[in-house]
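Just below is one structure, and these are the notes that go with it.
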Amino acid sequence: MALPEIVTEQAWRAANAALIEKEKAATRERDALAAERRRQPAMEFATDFAFEGPAGVVSFLDLFAGRPQLILYHFWFPEDGDACPGCTMFTDQVSELAHLNARDVTFALVSRAPQDRIAAYQARMGWEDIPWYTDTLAFQEACGTTEYFRLQVFLRDGDRAYLTYETTSRGVEALGSVWTFLDLTPYGRQEEWEDTPPGRPQSPPYQWWRRKDDY
């Protein structure tokens with residue numbers, strides 16, 4: 001396995017300091033993007049959707065759980081198919097929800113799978129504290145997620161709701177700590193698309209992802 005260039009302590013500290021300066025600049029750019037995101041216009045979103053929850057039927061506004069902000073992740077788990085390993089890996093990385101709740105944010109999952117299958121998968125993965133609802137085909141069609149995952153952010157004002165942000169593909173991936181930690185390592189994510197020095201391990205993207213009890 002090819003190693004990084006080996007240098008003296010003085011040379012290493014100089015190289016690391018230069019990299020940290022670039023990371024600080026990238027952090028400031030992310031701050032500017034966050035500021036722009038907060039100023040992005042909103043689009044009114046229909047609220048006449050029904051979902052099935054552990055306690056029965058709930059409305060779209062019920063998903064907010066009494067808070068003004070909702071982060072909703074469309075977890076690909078079809079009615080008669082398996083739960084998506086990628087969505088599973090993402091959800092494994094969702095942090096303690098109390099911290100989001102403390103800032104008036106609710107986080108929830110929606111899928112097409114019925115509640116009994118969702119409950120069984122929650123128990124298997126240890127996600128019992130994450131709200132997870134069975135959505136309707138009409139809702140997925142409205143969001144364009146009938147065969148894909150997506151993350152959306154909504155704002156509630158009384159009986160009205162607004163879509164303020166949405167992302168998918170690598171925009172969702174960037175929120176996970178596993179990928180962020182791997183990006184700090186010399187081998188990186190070890191996926192073929194990465195710009196990696198010759199001799200480092202690389203394999204096709206996504207194919208190494210497993211459910212945590214399948215590794």
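Observations on the model:
- Boolean, ILE6 is β-branched (Val, Ile, Thr), assigned to a loop (DSSP other than H, G, I, E, B) and either touching a Lys or Arg at 6+ places or on another chain (Cβ under 6 Å) or within 18 Å of THR185 (Cα to Cα) (or both): yes
- Residues in region 164-193 that are polar (S, T, N, Q), in contact (Cβ under 8 Å) with a residue 24 or more places away in the chain, over 14 Å from GLN152 (Cα atoms) and surrounded by 12 or more Cβ atoms within 10 Å (Cβ to Cβ): there are none.
- Filtered residues of region 180-205 (kept if within 15 Å of MET1 (Cα to Cα) and either hydrophobic (A, V, I, L, M, F, W, C) or in a loop (DSSP other than H, G, I, E, B) (or both)): THR185, PRO186, TYR187, GLY188, GLN190, THR196, PRO197, PRO198, GLY199, ARG200, PRO201, GLN202
- Screening region 46-87 for strands (runs of 3 or more DSSP E) wholly inside it with 3 or more residues that are at pLDDT 95 or above, charged (D, E, K, R) and more than 23 Å from ALA102 (Cα to Cα) returns no ranges.
- Matching residues in region 117-145 - criterion: being under 29 Å from LEU33 (Cβ atoms) and either in a helix (DSSP H, G or I) or of a type in the set (Val, Ile, Thr) (or both): ILE130, PHE139, GLN140, ALA142, CYS143, THR145
- Test: ALA18 is out of contact with any Asp or Glu (no Cβ under 9 Å at 6 or more places or on another chain) and closer than 30 Å to TYR133 by Cα: no
- Residue within region 83-93 that is among the acidic types (Asp, Glu) and more than 19 Å from ALA174 (Cα to Cα) present: no
- Candidates ALA25, ALA2, ALA50, ALA65, filtered to the one that is touching a Gly at 6+ places or on another chain (Cβ under 7 Å) and aliphatic (A, V, I, L, M): ALA2
- The listed residues are TRP208, TRP132, and the only one of them that is more than 16 Å from the chain's Cα centre (by Cα), surrounded by 11 or more Cβ atoms within 10 Å (Cβ to Cβ) and aromatic (Phe, Trp, Tyr) turns out to be TRP208.
- Within region 88-102, one or more residues are under 22 Å from THR146 (Cα atoms), under 14 Å from the mean Cα position of the chain (by Cα) and not β-branched (Val, Ile, Thr).
The values are calculated or read from the model by the stated rules, or taken from the named source; none is laboratory data. Note that the structure is predicted; figures quoted are calculated from it, not measured. No Cβ is skipped: glycine too gets one built from the backbone with ideal geometry, and neighbour counts run over all protein chains shown.
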